[in-house]
Amino acid sequence: MSELTKNVTPLQDFNWDEFENGSVANVSKEELDKAYDETLNKVSERQVVEGTVIAKDKKEVIVNIGYKSDGIISASEFRYNPDLKIGDKVEVYVENQEDKRGQLILSHKKARLSKSWERVNAALDEKEVIQGYIKCRTKGGMIVDVFGIEAFLPGSQIDVHPIRDYDQFVGKTMEFKVVKINQEFRNVVVSHKALIEAELEAQKKEIISKLEKGQILEGIVKNITSYGVFVDLGGVDGLIHITDLSWGRVDDPHKVVELDQKINVVILDFDDEKKRIALGLKQLTPHPWDALDQELKVGDHVKGKVVVIADYGAFVEIQPGVEGLIHVSEMSWSQHLRSAQEFLKVGDEIEAVILTLDREERKMSLGIKQLKEDPWETIEVKYPVGSKHTAKVRNFTNFGVFVELEEGVDGLIHISDLSWTKKVKHPSEFTQVGAEIDVVVLDIDKENRRLSLGHKQLEENPWDVFEGVYTVGSIHTGKITELLEKGAVVSLEKGVEGFATPKHLVKEDGTQAALGEELEFKVIEFNKDSKRIILSHSRTFEDVQREEKKAAKKAARTKKEDAGIKIDNQPASTTLGDIDVLAQLKEKMERGE
């Protein structure tokens, strides 16, 4: 016998048969199970009960609900309550009395959800301060776990100051107030800002009650926008408009101040209720016009930077806060209507001449064309009458072409001075805008700053030659290039054109000449001064026919005359009547009749 059993004495009255049959001391096993179960809580699935935390680690929390086994809950369901400890009472939802391993499955999250809407609505009605766990970021704010409900915390409701780093709040447990509930969609909006606004409102009232125009205060840059800077004056905000940041032009307030920077500001204005406070920063320094060099005068040259540009001109900053305007008419000696963008751009460092200076009005006008000599002062020297040049076509009119010989020197080529031979109806038929064209100076109008130019004068007048070629009566081959109501334009040799009226376009067969036909034409009029040649196709055959008829008549008359002479030569007797007639004819001749 072993040492462990040698002193053990079996019960003398233990009924082994009853034990084997499932009963002890006349009590059945079922009765024992029943008595055991009565000592435990009776729970059913999908029920919310209260339990006690008996153990916890990073992954799981063990909760005793008085059941025959303890329940396990994921630790993530208690993230909203980082202070959870052993012995705390918690509500749990029975999901399963026994899983495959006989384990009791509980959920704290579902237990909270089952009563969460009652709690949330009560918190809204009673303006209760509640705790919530910030789970994550979302568009426009944060998601907060409140009683197991995912509530929305707008970014503007996190704090009274704008939040630049939302991530710093993720994972934190904070106090909130419920500010809005949508019962239909079960949306909850909470605010942390609402908890501290009441306290800040009291501070704000105290601060704004002491505000005065012209007062200088210290503040902290709270927010920077495209139109200005918001400054925290210790519980109340003021705005420095972008135009009040500096005496010079400011395109980006970030270049003047930084976030969280401490700055001194002056109170410029506020409304009756003192809710809107206008602040100034530039007003703490003297106006730069007051520090402008007193020796500066009209005609002086200054250097500056183009800060603003428009169609009508450019503003040039010659020192911070001191600007002058260069009107577009002072950018070039040219009289063409042009935009300032053609000459300058923002950021250009330029030199200019002071044209006007008004220190009282703090205005200055500048010019840059004055840096160059006015080309019209010596126009007769560079562009004398008869001189030849190459110009650039700028634009057209119905009567001619405007060209530019150089910046500020313009001229007009009249439509009649484009070509000796071609009849130009519109200048666009002859050239195009932007093209170069050779010209000769015909006349100078210095007062109106305009040159009269010619293009055809670069060549000899071909009409001197045409006068000997297209003589009246000469016949030439021509092509009908254009049909008009009053006649046809006929293209002849040497690039010259003539004109034929409809009656002169009738062909020998009686039909009318058509566009594109090549025919023989007779010159019936030539005018060198008006550069006009009048043609006729009909006359080419009509004149021949007329000459033939004339010749035929002449031949017939000659034949008759010849026949009469022969008769007279024949001897004939004279009658008494013949003598009487001759006597009367003689008498008339003697009277001079």
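With the alpha-carbon atoms of the range 255-350 aligned to their principal axes, the span from lowest to highest coordinate is 56, 32, 28 Å, starting with the largest.
Expressed as a whole percent, the accessible surface of the range 64-197 that belongs to carbon and sulfur atoms is 45, based on a 1.4 Å probe. Once the cut-off is 16 Å, how many percent of the Cα-Cα pairs in the range 374-486 end up in the long-distance tail? That fraction is 64 percent.
The residues of the range 113-267 expose, per residue, 56 Å² of accessible area to a 1.4 Å probe. Per residue, the accessible area of the range 284-390 comes to 58 Å², computed with a 1.4 Å probe over protein heavy atoms only. Around residue 164, under 12 Å between beta carbons, what's the net of Lys plus Arg minus Asp minus Glu among the other residues? Local net charge: -3. Return the Rg/Rh value of the range 193-260, two decimal places, where both radii are evaluated on C-alpha atoms and Rh is the Kirkwood radius. Rounded to two decimals, Rg/Rh equals 1.03.
Which entries in 139/222; 213/303; 345/388; 115/139; 303/392; 486/550 show an alpha-carbon gap greater than 26 Å? From the list (139/222; 213/303; 345/388; 115/139; 303/392; 486/550), the Cα-Cα distance tops 26 Å for 213/303; 345/388; 115/139; 303/392; 486/550. Gap in Å between the Cα centre of the range 310-361 and the Cα centre of the range 236-251? Here the two parts' Cα centres lie 25 Å apart.
Across the accessible surface of the range 339-382, with the other protein chains kept in place and a 1.4 Å probe, carbon and sulfur atoms take up 48 percent. A Cα-only calculation for the range 417-537 places Rg and Dmax at 17.6, 63 Å.
Give me the percent of accessible area attributable to carbon and sulfur for the range 483-522, probe 1.4 angstrom.
Working: 1210 of 2340 Å².
In the range 483-522, the share of accessible area belonging to carbon and sulfur is 51 percent.
The values are calculated or read from the model by the stated rules, or taken from the named source; none is laboratory data. Just so it is clear, the structure is predicted and the values come from calculations on it, not from any experiment. Please note: Cβ atoms are built from the backbone with ideal geometry, for glycine as well, and neighbour counts cover all protein chains shown. Heavy atoms of the whole protein, side chains included, go into the accessibility calculation; ligands, DNA and RNA do not. Shrake-Rupley method; radii C 1.70, N 1.55, O 1.52, S 1.80 Å.
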